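**Student:** Below: one structure in structure tokens.
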Amino acid sequence: MAEYRPDKFKVAQSFAAAATQYDDVAVLQRQTADELLDRLSLMTVKPERVLDLGAGTGRNLALLHQRYPQAQLIAMDIAAGMLKQAKKRFRDDLGFKRWLPQNKALQTITGDAERLPLADNSVDLVFANLALQWCDPKQSFKEIQRVLRPNGLLMFTSLGPDTLTELRQAWAAVDAYPHVNVFFDMHDVGDAMTASGLADCVLDVEPYTLTYDTAMAMMRDLKILGAHNVNEGRRRGLTGKNVMKNVITAYEQFRRDGLLPASYEVVFGHGWKLQQAGQQHAEDGSVHVSINEIQRR
């Protein structure tokens, strides 16, 4: 597995700055979260404590609460500004129901998935939508496995290396600096999951494509989302107008039917803390590739 060294301070800073506008453009994040929640409905779990890891602005907290109304919710994000929005949104989404006695208080924690500030064996379900791509998978899965209780479940999405391939190619035509974040492929993710001790791991990849009128509109959305280039080898300083003009020109080769695509490779996965003998789980109806099959290939 290649070494991955994102600038975590830059990640936290970018997402904190994006908090107030994030939901306006988080189209992909909503789509993948809904798909992940659909897949979660096929799993036989009754969690007492649910960790929304990389909770962002809290869009999924009320949906998790609706599915598991008796569970305590923990929202964790690397950006404190995101959690401020998440707490407010959760209260707004619940409305008058937040005053009912059976609703346990939401706990918000600023934290990094590579160093979870939680006790061993303390949560039953980790839900992580488009958060783990910013982490070293070996370390983040090791930490998730540590905090999961026996028979606990991890459900997550991440981004694969073909994400924003059009933008990557457009920048490659201009200079040799890394301008688009680099993500691990499904095989590396699978290796990290099994190495962490997670069991019955399943992964699959789905392509998503968003379309834009202009390349600048796409890049503005990325900026609002806080998805800045956080590679340590990135070019420092401002990008000149002529350089940006050349990037936009290079991106035009991908225009189809009057629109420019932005492709995303989304990795869906789940894994369990080591099970007790005889533990049974529901089957997911999607087409998946097992870790063993990945390794054989």
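The values are calculated or read from the model by the stated rules, or taken from the named source; none is laboratory data. Because the structure is predicted, anything quoted here is derived from the model rather than measured. Note: ideal-geometry Cβ built from the backbone for every residue, glycine included; neighbour counts use all protein chains shown. When the accessible area is computed, the model is the full protein with side chains, heavy atoms only, and any ligands, DNA or RNA have been set aside. Shrake-Rupley method; radii C 1.70, N 1.55, O 1.52, S 1.80 Å.
**Student:** Using a cut-off of 14 Å between beta-carbons, work out the net charge of the residues near R255 (Lys and Arg +1, Asp and Glu -1, R255 not included).
**Tutor:** -3
**Student:** Please give the solvent-accessible surface of L51 in Å², to the nearest 10, using a probe radius of 1.4 Å with every protein chain present.
**Tutor:** Probe radius 1.4 Å; accessible area of L51 about 0 Å².
**Student:** Using the structure shown, list the pairs from K87/K142; K223/K245; K46/K88; K138/K273 with a Cα-Cα distance above 20 Å, or answer none.
**Tutor:** On the way: K87/K142 28 Å; K223/K245 18 Å; K46/K88 26 Å; K138/K273 15 Å.
Long pairs (Cα-Cα over 20 Å): K87/K142; K46/K88.
**Student:** Something else about it: Could you sort T108, T163 by their accessible area in this structure, using a 1.4 Å probe and putting the largest first?
**Tutor:** On the way: T108 45, T163 0 Å².
So, going from the largest accessible area down, we get T108, T163.
**Student:** Between the range 55-90 and the range 171-197, what is the C-alpha centre distance in whole Å?
**Tutor:** 28
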